[in-house]
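S.K.: My questions will all concern the structure given below.
The values are calculated or read from the model by the stated rules, or taken from the named source; none is laboratory data. As the structure is a prediction and not an experimental result, all values here were calculated from the model. FYI the Cβ positions are ideal-geometry reconstructions off the backbone, even for glycines, and counts take in every protein chain you see. Protein only, heavy atoms only, side chains kept; ligands, DNA and RNA dropped before computing areas. Shrake-Rupley method; radii C 1.70, N 1.55, O 1.52, S 1.80 Å.
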Amino acid sequence: MLRGRPHQDHRESNRYGRHQPAKDMHPLDSANEAARLSALHSLDLLDTPPEPAFDSLVQLAALACDTPIALVSLVDRTRQWFKARVGIEATETPREYAFCAHAILTPGGLIVPDAARDPRFAPNPLVTDSPGIRFYAGVPIRVAGGHAVGVLCVVDTVPRTFTARQLEMLRALARQAERLIVLHCEQRAATALRQRLRGREQQLRQLEIHEASRIAAELHDGLGQQLTGISLAVASLQARLQGCDEATQEQATTIGMLASEAIRQCRDLAYSEATFTVDEHGLVGFLQRYCRLLNQGPGAPITLHTGHRLAREPDAATAHHLFRLVQEAVNNARRHSGATHIGIELIEQPDLLSLTIDDDGRGMCAEARSFPGLGIRSMRFRAMEIGAKLVIADRHYGGTQVRCVLPLRSQAVDSSAAVRTVEPGLRRG
C-alpha cells in the first residue's frame, strides 16, 4: 500500500474513460525488448535482498523531489519489481499497470503532472483506486549496451509540477543507481571467482592429501618391506659369518646397522607423508603419536602440551594444514637450529585455537628474516589458507617461536563433521 498525501477527487477523469482501458495503456514492446530483458536478467538483481546503498538512494530522491514515494523499479517481462522503495509497502506490481514500463521507453525521462488527466494513465487502477497516483516522474536506469532495465522514479498522490532542477537531480541520482548496479555486478563476479578459486584450492588440497597417502603407502609397503627383507638377509649373513675374521664381521654389523637405520627413516618418512587422519583420537591424539614417533629416534626431544581432546575438531583441510605447519616447524628446528628441546603447545579457547612450536636453538639468522626460505613461506601459505595468523619470532631467552592463531569460525571448525581420511596401506609396526 502506498503512503502519501490523500488524493483528490478528479471528476474530470471520466472524460478520458475512467473505467475503459486506453488504447496505449500498455506500451508496445520496444524493438530490442528481448535484448533488454536478457540484460536485466544477467544482472541477477531481481528478488535480491535490500541493500543500504539503494535504500539511501530512494530516500535522497524523495527528499530532493519532495515526494512521499520514491522507487528503484526494475521492469521485468510481466511485472515491475522494486529493488528499493520508500513510502510503499508493495514489492512489485503488474507490468501492465506500471508507469515505469512507459518510462523505460522515454530516454529523457517521463513526467506525468496529473495522471487523472492523462489518457494513458487515467483508467489505470493505481490511479482510479488506491493508492490514487496523480504525479509521476521517472528516469531510465541503463546498463552496458544502453539497455534501460529499470527506472528511478518519484510519485505523489496529488497533481504537481516538476522543475527542471528537480529533473536534473533525478537524472543524477539515476546515474548513481547505474553505478550501484555496476558495483553489484562486480561484487557478484568477484564472489563467483572466489568460490571457483576455493573449489580449485580444495581440489588441490585433496590431490596433495591423496599423493601424500600414495607416497606413504609406497614407502611403507614397498621400500620399507624391501629394506626389512635386506635387514633379515643381513642378520642371516651375520649368523653365517660367525668365526670369520673380525673385519668381515664388522662390515656385516655395519651393514645391519645401516639397514636398521634406513628402515627407521623410511617408516618416519612414511608416517610424516601420510594423510592426516582425524580418527577417534582427534588432532591431539595424532600429534601425540607423531611426537612419540620422533622421540624414538635421534634429534631434539619434543614435548607436547595440550588437553586430552579438542571440544571442536578442525575439518579435514584445516587439520591437514595445522599438522603440516607443525611438521615444518619441527623439521626446521631439528635440522637447522641446533635445538636441544622442542615444545609444542595446543590451546583451545572459546573463540580461537592457538598452536605454538618453541625451540631453544640458535634462532633465525638475518638472511632468513630478509629472505625467508621455502619452509617459512609454506607455513605462511598454510596459515593463510585456513584464515589463521602466523607469527615467527626469536624468543627472548633464545631459540625460535612459531605461533599460529586460528579463529574458531564455522567456516574453519565444524564440530558436527565426522572427519575421516584413510591412510592406504599404512600400518605402524
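S.K.: Could you tell me whether ARG205 is modelled with pLDDT under 90 and open to solvent by less than 40 Å² (accessible area, probe 1.4 Å)?
M.R.: Judged against the criteria, ARG205 is a match.
S.K.: Quick one: ILE111 ticks every box in (1) in contact with a Leu (Cβ under 9 Å, 6 or more places away or on another chain); (2) open to solvent by 40 Å² or more (accessible area, probe 1.4 Å); (3) within 17 Å of GLU33 (Cβ to Cβ) except a single one, so which number is it?
M.R.: (3)
S.K.: Scan segment 278-317 for residues that are hydroxyl-bearing (Ser, Thr, Tyr) and either out of contact with any helix residue (DSSP H, G or I) (no Cβ under 9 Å at 6 or more places or on another chain) or open to solvent by less than 10 Å² (accessible area, probe 1.4 Å) (or both) and jot them down.
M.R.: TYR290 - this is the single residue of segment 278-317 that is hydroxyl-bearing (Ser, Thr, Tyr) and either out of contact with any helix residue (DSSP H, G or I) (no Cβ under 9 Å at 6 or more places or on another chain) or open to solvent by less than 10 Å² (accessible area, probe 1.4 Å) (or both).
S.K.: Please pick out the residue among GLU218, GLU186, GLU211 that is loosely packed, with under 13 Cβ neighbours inside 10 Å, among the acidic types (Asp, Glu) and at pLDDT below 85.
M.R.: Details: GLU218 fails: loosely packed, with under 13 Cβ neighbours inside 10 Å; GLU186 fails: at pLDDT below 85.
From the options GLU218, GLU186, GLU211, the qualifying one is GLU211.
S.K.: While we're on this one: Does LEU304 count as assigned to a strand (DSSP E or B) and over 30 Å from ARG198 (Cα atoms)?
M.R.: yes
S.K.: Further question on the same structure: Go through ARG117, ARG85 for me and flag whichever is surrounded by fewer than 19 Cβ atoms within 10 Å (Cβ to Cβ) and more than 15 Å from VAL149 (Cβ to Cβ).
M.R.: Values: ARG85 fails: surrounded by fewer than 19 Cβ atoms within 10 Å (Cβ to Cβ).
It is ARG117.
S.K.: Moving on to the next point. Tell me yes or no: at least one residue of segment 43-60 is at pLDDT 95 or above, crowded, with 21+ Cβ neighbours inside 10 Å and under 16 Å from TYR136 (Cβ atoms).
M.R.: yes
S.K.: Can you tell me which residue within segment 324-335, out of those that are surrounded by fewer than 21 Cβ atoms within 10 Å (Cβ to Cβ) and in contact (Cβ under 8 Å) with a residue 24 or more places away in the chain, is nearest to GLU208 (Cα to Cα)?
M.R.: Out of the qualifying residues, it is ARG324.
S.K.: Still on this structure, please answer the following. Considering only segment 108-124, how many residues are of a type in the set (A, V, I, L, M) and assigned to a loop (DSSP other than H, G, I, E, B)?
M.R.: Residues in segment 108-124 being of a type in the set (A, V, I, L, M) and assigned to a loop (DSSP other than H, G, I, E, B): 1 in total.
S.K.: OK, next. Output the residues belonging to segment 165-182 that are open to solvent by less than 80 Å² (accessible area, probe 1.4 Å) and over 16 Å from ALA148 (Cα atoms).
M.R.: GLN166, LEU167, MET169
S.K.: Regarding THR128, is this residue β-branched (Val, Ile, Thr), more than 24 Å from LEU183 (Cα to Cα) and in contact with a Pro (Cβ under 8 Å, 6 or more places away or on another chain)?
M.R.: In short, no.
S.K.: In segment 78-107, which residues are under 25 Å from ALA53 (Cα atoms) and part of a loop (DSSP other than H, G, I, E, B)?
M.R.: Matches in segment 78-107: GLY87, GLU89, ALA90, THR91, ALA98, ILE104, PRO107.
S.K.: Can I ask one more? When segment 144-167 is examined, which residues are found to be under 40 Å from the mean Cα position of the chain (by Cα) and either among the hydroxyl-bearing types (Ser, Thr, Tyr) or in a loop (DSSP other than H, G, I, E, B) (or both)?
M.R.: ALA144, GLY145, GLY146, HIS147
S.K.: What are the residue pairs meeting all of these: first residue in segment 287-299, first residue within 15 Å of ASN331 (Cβ to Cβ) and at pLDDT 80 or above, second residue assigned to a helix (DSSP H, G or I) and open to solvent by less than 70 Å² (accessible area, probe 1.4 Å), Cβ atoms under 6 Å, and 6 or more apart or on different chains?
M.R.: LEU293/TYR271; GLY299/ARG334
S.K.: Can you say whether SER13 is modelled with pLDDT under 60, closer than 30 Å to PRO119 by Cβ and crowded, with 19+ Cβ neighbours inside 10 Å, as far as the supplied structure shows? Outline the logic, then answer.
M.R.: Numbers: modelled with pLDDT under 60: yes; closer than 30 Å to PRO119 by Cβ: yes; crowded, with 19+ Cβ neighbours inside 10 Å: yes.
For SER13, the condition - modelled with pLDDT under 60, closer than 30 Å to PRO119 by Cβ and crowded, with 19+ Cβ neighbours inside 10 Å - is met.
S.K.: Could you grab me the full set of residues in segment 234-246 that are assigned to a helix (DSSP H, G or I) and open to solvent by 60 Å² or more (accessible area, probe 1.4 Å)?
M.R.: Of everything in segment 234-246, those that are assigned to a helix (DSSP H, G or I) and open to solvent by 60 Å² or more (accessible area, probe 1.4 Å) turn out to be LEU237, ALA239, ARG240, GLU246.
S.K.: What number of residues within segment 224-261 satisfy the criterion of being under 47 Å from the mean Cα position of the chain (by Cα), of a type outside the set (Asp, Glu) and at pLDDT below 80?
M.R.: Matching residues across segment 224-261 total 2.
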